[in-house]
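Note sheet for the following structure.
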């Protein structure tokens, strides 16, 4: 086995993502089954923990296996690592429920087989665990055995009485299918994948914020609010607006036609950087709408035609006012005014409630780009760009 395979981070990384994704699924299920508000946290009290009215009510240990589905035997490392955590945190007379949720399967007749929701026998499970802790020579489990044996008979019985083992749990990809089912009430079936992807994106960012700031827990009301917001975005008169990675390499855009158009009318560098950002955001957002089939047939073409028609009225008005013999300085001033209209006034929603201004501004830059720009700012922008392209080609 190569060192790369031996020390691969794939499985631990998948495990963390699994915790995060499963926490969202468990939260959605809890919201659909209960009216009571709750708090949920990841990697605080346990892999996942739920609190109600200020008290932790359920803790979840999640075990995800990528390459194999090891059976949960009496000496299973997964089982004893989990029990060690719970033994060391044990508080008597607590009503907190402990769940070991694994993609593996339970061995018939093992202690874990007596801790499922059905055919349950706490006494038999405790007996088998005691026998294993006293007789097993598994060095990895030794600290866990010691923690289990350190509890009194009464405390062991109490703790294990609150333990439930759920085997054959859906893996990380199957959890996504579970999320799709949970949001079926919120969005049309053809948009469920897109809806879940955005919900998960928000959830991952929220969990990271919880972990970084150590803010404790996430309110169920936050999940509910995000669900309602997304549901509104997926209605017929709206479109989802995404949080996009705006780590833009501005220099990569300096040779684009829409940038040359701005330089023709002496737009400053800072405003050009803003224009590049708007172009990039609109391009990425539109591309995502197209990839996910969120737009109606011909909708983007219709939207662009509308923007061109609105621009055309002002552009031709500007040219008439200038006349044919206007000085270059006057033409630039008029073009600056036209471009300022794009920056501050032109806001034409692609749908009635999808009114983010960057969509309009960025689309205008898309229309001003390419070898045959359909809009421009300078009265003679087509001739000027043609000369520019010819001079660059001759260099």
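The values are calculated or read from the model by the stated rules, or taken from the named source; none is laboratory data. Fair warning: this is a prediction, and the values are worked out from it, not measured in the lab. Backbone-built Cβ (ideal geometry, glycine too); neighbour counts: all protein chains shown.
Scanning region 324-346 for residues that are at pLDDT below 95 and either under 13 Å from residue 286 (Cα atoms) or under 31 Å from the mean Cα position of the chain (by Cα) (or both) yields a total of 0. Would it be correct to say that residue 218 is farther than 30 Å from residue 43 by Cα and surrounded by 14 or more Cβ atoms within 10 Å (Cβ to Cβ)? For residue 218, the condition - farther than 30 Å from residue 43 by Cα and surrounded by 14 or more Cβ atoms within 10 Å (Cβ to Cβ) - is not met.
Across region 275-311, the number of residues qualifying as free of Cβ contacts under 8 Å to residues at least 12 places away in the same chain and either in a loop (DSSP other than H, G, I, E, B) or closer than 27 Å to residue 255 by Cβ (or both) comes to 7.
Which numbered condition in (1) in contact with a helix residue (DSSP H, G or I) (Cβ under 6 Å, 6 or more places away or on another chain); (2) surrounded by 17 or more Cβ atoms within 10 Å (Cβ to Cβ) is the only one that residue 66 fails? Looking at each condition in turn, residue 66 falls short on (2).
Collect the residues in region 360-384 that are farther than 21 Å from residue 280 by Cβ and assigned to a helix (DSSP H, G or I), keeping them in residue-number order. 381, 382, 383, 384 - these are the residues of region 360-384 that are farther than 21 Å from residue 280 by Cβ and assigned to a helix (DSSP H, G or I).
Confirm whether residue 191 is in contact (Cβ under 8 Å) with a residue 24 or more places away in the chain, under 16 Å from residue 19 (Cα atoms), surrounded by 12 or more Cβ atoms within 10 Å (Cβ to Cβ) and out of contact with any strand residue (DSSP E or B) (no Cβ under 7 Å at 6 or more places or on another chain). In short, no. Right, residue 169: in contact with a strand residue (DSSP E or B) (Cβ under 7 Å, 6 or more places away or on another chain), surrounded by 15 or more Cβ atoms within 10 Å (Cβ to Cβ), within 30 Å of residue 92 (Cα to Cα) and free of Cβ contacts under 8 Å to residues at least 60 places away in the same chain or not? In short, no. If you check 129, 100 for being under 27 Å from residue 175 (Cβ atoms) and crowded, with 19+ Cβ neighbours inside 10 Å, only one passes: 100. Is it true that some residue in region 64-74 is closer than 23 Å to residue 40 by Cα and either outside any helix (DSSP H, G or I) or over 39 Å from the mean Cα position of the chain (by Cα) (or both)? Checked against the condition, which is being closer than 23 Å to residue 40 by Cα and either outside any helix (DSSP H, G or I) or over 39 Å from the mean Cα position of the chain (by Cα) (or both), region 64-74 yields at least one hit. Screening region 88-135 for residues that are touching a residue at least 60 places away in the same chain (Cβ under 8 Å) and assigned to a loop (DSSP other than H, G, I, E, B) and picking the one that is nearest to residue 73 (Cα to Cα) gives 104. Of all residues in region 175-218, those that are within 21 Å of residue 294 (Cβ to Cβ) and not in a helix (DSSP H, G or I) total 6. In the set 221, 261, only one residue is touching a residue at least 40 places away in the same chain (Cβ under 8 Å) and either within 26 Å of residue 51 (Cβ to Cβ) or assigned to a loop (DSSP other than H, G, I, E, B) (or both); that residue is 221.
The set of residues from region 136-166 being out of contact with any strand residue (DSSP E or B) (no Cβ under 6 Å at 6 or more places or on another chain), touching a residue at least 12 places away in the same chain (Cβ under 8 Å) and outside any helix (DSSP H, G or I) comprises 136, 138, 140, 141, 151. Only one entry in 236, 242, 255 is surrounded by fewer than 20 Cβ atoms within 10 Å (Cβ to Cβ) and within 20 Å of the chain's Cα centre (by Cα), namely 242.
Which of the following residues is in contact with a helix residue (DSSP H, G or I) (Cβ under 6 Å, 6 or more places away or on another chain), surrounded by fewer than 18 Cβ atoms within 10 Å (Cβ to Cβ), in a helix (DSSP H, G or I) and touching a residue at least 12 places away in the same chain (Cβ under 8 Å): 248, 272? Walk me through it before giving the result.
On the way: 248 fails: in a helix (DSSP H, G or I).
Criteria check complete, one pass: 272.
Is it the case that residue 137 is surrounded by 12 or more Cβ atoms within 10 Å (Cβ to Cβ) and over 39 Å from the mean Cα position of the chain (by Cα)? Judged against the criteria, residue 137 is not a match.
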